1. Can you tell me which residue in the range 282-320 is nearest to F353 (Cα to Cα), limited to those that are crowded, with 22+ Cβ neighbours inside 10 Å and of a type in the set (D, E)?
2. Among the candidates T144, T155, single out the residue that is in contact with a Phe, Trp or Tyr (Cβ under 8 Å, 6 or more places away or on another chain) and either more than 30 Å from G292 (Cβ to Cβ) or touching a residue at least 40 places away in the same chain (Cβ under 8 Å) (or both).
3. Restricting to the range 161-190, and then to whatever is within 20 Å of the chain's Cα centre (by Cα) and part of a loop (DSSP other than H, G, I, E, B), can you tell me which residue is surrounded by the fewest Cβ atoms within 10 Å (Cβ to Cβ)?
4. Residue under question is Y99, and the condition is that it be modelled with pLDDT of 95 or more, crowded, with 20+ Cβ neighbours inside 10 Å, among the aromatic types (F, W, Y) and farther than 30 Å from R224 by Cβ; does it hold?
5. Hey, could you check the range 381-413 for residues that are among the hydrophobic types (A, V, I, L, M, F, W, C) and closer than 21 Å to L39 by Cβ and say which is nearest to the chain's Cα centre (by Cα)?
6. Output yes when any residue across the range 72-80 is closer than 26 Å to A236 by Cβ and at pLDDT 95 or above, and no when none is.
7. Scanning the range 191-207 for residues that are basic (K, R) and either touching a helix residue (DSSP H, G or I) at 6+ places or on another chain (Cβ under 8 Å) or assigned to a loop (DSSP other than H, G, I, E, B) (or both), which turns out surrounded by the fewest Cβ atoms within 10 Å (Cβ to Cβ)?
8. Please report, ordered by residue number, the helices (runs of 4 or more DSSP H) entirely within the range 378-454 with at least 3 residues that are surrounded by fewer than 14 Cβ atoms within 10 Å (Cβ to Cβ).
Amino acid sequence: MKNQVQLITYVDRFGGTTLQQLQALLEGPLKGVFGGVHLLPFFHKIDGADAGFDPIDHTRVDDRLGSWSDIQQLTQTADVMADVIVNHMSSESPQFLDYSAKGSASEFDGLFLTMSSVFPKGATEADLLAIYRPRPGMPFTVTTLANGERRLLWTTFTPQQIDIDVNTAAGQAYLESILQKLSQSGVTMVRLDAVGYAIKKAGTNCFMMPETFEFIRSFAKRGRELGLEVLVEIHAYYKRQMEIAKQVDWVYDFALPPLVLHALEFGRCAPLRAWLDQRPRNAITVLDTHDGIGIIDIGADAANREQHPGLVPPEELDELVERMHRNSQGQSRQATGAAASNLDLYQVNCTFFDALGRNESAYLVARAIQFFVPGVPQVYYVGLLAGENDMALLARTQVGRDINRHYYDHDEVLKALDKPVVVRLLDLIRLRNTHPAFQGQFQHASTADHLMTLTWTAANAHARLEVDLARQTGAIFFSGATQEECMVLQS
């Protein structure tokens, strides 16, 4: 992966509805801005129960977006990352429909997890309560198959997303077919979606167990054999991320977004700097994604809060959530937790720009911190355009995360690219992509808790970010052709 800023976007929500239109945008107004692009699920079909994360056919491009030849064409412009949804597939998939019709006579019998396949001797109340859940309720859906049989299917997320047994021959063949197709189409990087839930075992919490780590190691090894780098997506206690980072190519730094918000809201850098001292370096840095802003990533370990505290005190974490709600004029509260369906227990649904109260200076400071932290930065399409909460889409779908999943048509994108805050953000991206200092060594310092300096040096090149968190202002000083130059972080 290039050490340059990457874009993460849906194909049909950023300036058009097809892969060809997206490529035209990247080769036109955004030419040279991004070193790569992560395409959120573009498989058949993109508008199921979970915005493409419930694929009917993971080896087929949704016809409305284009074809595999369009993917191959895009890879000539930018490095392309795609998702491998390892935990589940759609209840409309050919495999599940065959199993539903034939039951034990289906060639896919055993591919789909049921309660009895994990708990063949039955489960106690304690067994069920021990299962780690990203959402309320039990991970099961009572289903009557087409052949009349009733099953208690394992459904970690929604009833339409049926969990698969990745240890069966059918499960392994299914995942292998996905890797093969992506590799053949020029994709160079894959993200393992929901992989923390991929292994289930009686008597455990069924999340990030030793067996899960072994599965990740094995899957990453196979990906590398096919020329694919592997990014693992896990929202969990921050020390788990550090463990995962040792075993894969890349992990997300999901602790960074709430820590940056915390630093700007509370005007002090101690928790953020403590994280910089221990975080993995093989990280993709983000402030926003297609999901919400993670809270669990800097909180205490739910399994043992006393012995495993979070990166910020619990009372400050609670206050941070409240400040996000206040900064967004209460909009994020309408999209978070029990206020909306398809909810997550550990995220606040809000655009990052709105989480900062649409303060343009604070937003540019936050992006500068992201770009200076070691790792490869990834910018979400809504964040690129300093997007605001889409309350109309939220009202229409009643899906909390849709507040941050706006559909931009081409004219909207062009208009947004002219906004002063976006123009400054693009300048910042270009500096991060091209300045030689970012290929060198990193260090951070603080002369007071509200002041923070992040510095990169390489040979005679340097780039230094100076931030006043109390004022939510900052500036970048960097070596130019003949003298030091300065970029003030305001629009």
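The values are calculated or read from the model by the stated rules, or taken from the named source; none is laboratory data. Every value quoted in this text rests on a predicted model; they were computed, and no experiment measured them. Cβ coordinates were reconstructed from backbone atoms using ideal geometry, including for glycine residues, and neighbour counts include every protein chain displayed.
1. So the residue we want is D288.
2. Values: T144 fails: in contact with a Phe, Trp or Tyr (Cβ under 8 Å, 6 or more places away or on another chain).
Going through T144, T155 in turn, the sole match is T155.
3. So the residue we want is T188.
4. Working: modelled with pLDDT of 95 or more: yes; crowded, with 20+ Cβ neighbours inside 10 Å: yes; among the aromatic types (F, W, Y): yes; farther than 30 Å from R224 by Cβ: yes.
Judged against the criteria, Y99 is a match.
5. So the first thing to find is which residues in the range 381-413 are among the hydrophobic types (A, V, I, L, M, F, W, C), and the list is 382, 384-386, 391-395, 399, 403, 413.
Remaining after also requiring closer than 21 Å to L39 by Cβ: 382, 384-385, 393, 399, 413.
Details: V382: 13, L384: 15, L385: 18, L393: 20, V399: 17, V413: 22 Å.
The extreme case among them is V382.
6. Let us first name the residues in the range 72-80 that are closer than 26 Å to A236 by Cβ, namely none.
Checked the range 72-80: no residue is closer than 26 Å to A236 by Cβ and at pLDDT 95 or above.
7. So the first thing to find is which residues in the range 191-207 are basic (K, R), and the list is 191, 200-201.
Applying the additional criterion that residues be either touching a helix residue (DSSP H, G or I) at 6+ places or on another chain (Cβ under 8 Å) or assigned to a loop (DSSP other than H, G, I, E, B) (or both) yields 200-201.
Working: K200: 26, K201: 13.
Ranking the qualifying residues of the range 191-207, first place goes to K201.
8. Working: elements: 381-384, 391-397, 410-417, 420-434.
Answer list for the range 378-454: 391-397, 420-434.
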